[in-house]
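Right, one structure below, let's go through it.
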Amino acid sequence: MAGGIFSPLGSCSELEKANCHPLVCLLCHEPYQHPCLLDCYHNFCASCLRGRASDGRLRCPLCGHPSVVRGGTGLPPVDRLLQFLVDSSADCEEDAQCANCDRRCTKAELDTMYFCNTCGQPLCAPCREETHRAKMFTRHEIVSLSKRTKDIHKKCPLHEEPYIMFSTEKKSMLCINCFRDMQGESRAHCIDIETAYMQGCQRLDQAVMAVKELQTSTREAIVLLKAMIEEVRNSASEEEAAINSLFGRMQEQLSERKKTLLKAVQSQHEEKEKAFKEQLAHLASLLPTLQVHLVTCSAFLSSANKAEFLDLGYQLMERLQRIVKLPHRLRPAQTSKINSEYRAEFARCLEPLLMLTPRRSVVGSAGGIGPGITGTNMLPGGQCSKTLMVPGCPPDSDKMSAGPMVRKPTMHRYISTKVLLAEGRETPFAEHCRNYENTYRMLQMEIQGLKDQVQELHRDLTKHHSLIKTEIMSEILQKSLQMDVQIAAHYSAVEMMRSVFEEVWEETYQRVANEQEIYEAQLHDLLQLRQENSCLTTITKQIAPYVRSIAKVKERLEPR
């Protein structure tokens with residue numbers, strides 16, 4: 001039975017689809033055989049759990065919770081309650097035979113069978129009416145067959161006496177001998193069986209109510225988590241679409257700016273090359289003139305006598321001086337570096353899309369410009385306005401009747417509010433959300449009541465073609481007007497909180513922007529230090545051979 005079932009169970013959805021009978025094991029899918037109770041309160045057959053324990057611990061095949069097992073069997077204790085239910089179910093499935101008329105009842109007729117706990121015999125319905133209505137059977141305890149008292153529960157196994165009392169201290173039934181053997185203090189905690197049964201039923205009802213509340217909360221949590229999973233899936237799709245859209249626009253902007261920058265680089269290249277060529281042509285024409293005058297000076301000095309030198313020498317010197325004083329462009333008028341500032345240009349190109357100080361709106365929108373930036377709060381030139389589009393709070397220029405301004409469905413807002421309040425941070429906005437949910441729930445209940453009344457009137461008109469309850473029409477109209485006043489007042493109260501929350505949000509945005517700026521400056525400073533260190537390393541490597549050479553020369557000269 002336990003072979004091939006050591007792999008863990010599937011997901012919760014697979015478990016829900018399975019036939020989860022309370023008396024059927026989730027591993028072998030057979031009725032429980034010696035059911036064992038784990039610390040996580042999951043039950044499995046003893047044979048299904050045998051061999052799973054390791055180092056005195058046994059992990060639940062359903063949830064993985066470890067349970068401590070003691071003893072050499074390596075199994076948790078047997079669940080007596082579940083074993084009782086299994087045995088009772090097996091007894092109910094057996095055919096019953098009336099002890100008086102020997103009539104055998106099928107499984108479908110078991111509900112009509114009775115059992116006399118005094119006689120210890122089953123009875124059919126006719127025999128119960130005919131034989132056990134006599135005065136001699138008035139003290140006999142007759143119950144339905146499913147509620148018969150077994151022998152193990154009728155008498156004390158120690159004294160073979162019937163149970164008459166119940167100890168609320170030890171939670172056990174007592175016979176007359178057990179009651180006599182008890183101390184006086186313990187007897188004060190003993191009550192009769194009937195009273196103990198009534199008190200136990202009351203306590204069980206209270207425990208059942210607590211479990212039902214937990215069941216309701218669990219179902220709500222499951223619905224919430226499923227909705228959040230769907231919301232995560234939708235949010236991921238929206239985020240992917242926004243990323244792809246933004247990336248496409250960034251590519252387009254970068255491509256256009258790339259073309260502009262390449263044109264600017266080509267223009268600078270042509271201008272600089274033209275200027276350098278003109279300067280090179282001027283210097284190329286100057287060099288022969290200088291060479292001719294140098295040769296002339298050399299020939300004049302070698303061939304002229306004193307009189308000729310004094311006659312023509314000063315004229316030659318003036319010419320040489322004028323040649324030297326002419327404005328010769330010996331140095332380049334500009335650098336050879338072409339600087340297009342492409343980093344800054346690309347940053348300016350992406351600035352309207354990325355926004356250096358992004359303002360994250362409360363909700364996203366399919367028509368958003370970027371993360372948290374929507375087309376409704378963008379100003380010309382890529383500036384971002386201070387008006388945040390909050391669900392349920394339209395801009396001041398809009399009225400309540402100007403159309404639906406809520407960009408999220410009510411369930412989305414409900415889930416987001418649940419998550420915000422579950423974080424447990426006590427902030428003004430969290431307190432506002434808590435008060436808002438309470439007021440909104442009251443208004444919603446009153447609106448639902450009006451809806452039900454209007455639907456009832458509509459049903460009367462369509463089915464009966466008449467107004468059965470004409471007197472409530474004026475009441476509905478009056479309540480509707482009152483609700484309109486209440487909703488308008490609540491809307492105004494929420495709208496008045498806008499300035500307070502915008503100040504808080506503005507401080508948060510400014511703080512985030514400052515932190516981002518400081519962070520980027522820290523990275524820039526580290527890169528600059530690294531660049532300086534790299535330059536120092538390069539210089540050190542270059543002068544190292546000269547230092548070693550001078551050191552060797554110094555060592556040779558020191559003895560002299």
Point to revise | Residue count for region 425-454, restricted to those that are among the small types (Gly, Ala, Ser) and more than 15 Å from Ser480 (Cβ to Cβ) | key: 1
Exercise for review: Could you figure out which of (1) surrounded by 12 or more Cβ atoms within 10 Å (Cβ to Cβ); (2) assigned to a helix (DSSP H, G or I); (3) modelled with pLDDT under 85 isn't true of Leu320?
Suggested key: (3)
Exercise for review: Inspect all residues belonging to region 303-312 and state whether any of them is surrounded by 11 or more Cβ atoms within 10 Å (Cβ to Cβ), in contact with a Gly (Cβ under 9 Å, 6 or more places away or on another chain) and either modelled with pLDDT under 85 or not assigned by the TED database to the domain that holds Gln268 (or both).
Suggested key: yes
Check your understanding: If we scan region 323-338, do we find a residue that is at negative phi, open to solvent by 60 Å² or more (accessible area, probe 1.4 Å) and outside any loop (DSSP other than H, G, I, E, B)?
Key -> yes
Check your understanding: Filtering region 178-193 down to residues that are at pLDDT below 85 and part of a helix (DSSP H, G or I), which residue is least open to solvent (accessible area, probe 1.4 Å)?
Key -> Ser186
Study note, to complete from the structure: In region 22-63, residues that are within 12 Å of Pro77 (Cα to Cα) and charged (D, E, K, R) total 1
**Study point:** Residue satisfying condition, being under 29 Å from the mean Cα position of the chain (by Cα) and either surrounded by 10 or more Cβ atoms within 10 Å (Cβ to Cβ) or assigned to a helix (DSSP H, G or I) (or both), within set Tyr491, Tyr509
**Key:** Tyr509
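The values are calculated or read from the model by the stated rules, or taken from the named source; none is laboratory data. Because the structure is predicted, anything quoted here is derived from the model rather than measured. Using ideal geometry, Cβ is built from the backbone for each residue, glycine included, and neighbour counts are taken over all protein chains shown. SASA here: full protein model, heavy atoms, side chains in, ligands and nucleic acids out. Shrake-Rupley method; radii C 1.70, N 1.55, O 1.52, S 1.80 Å.
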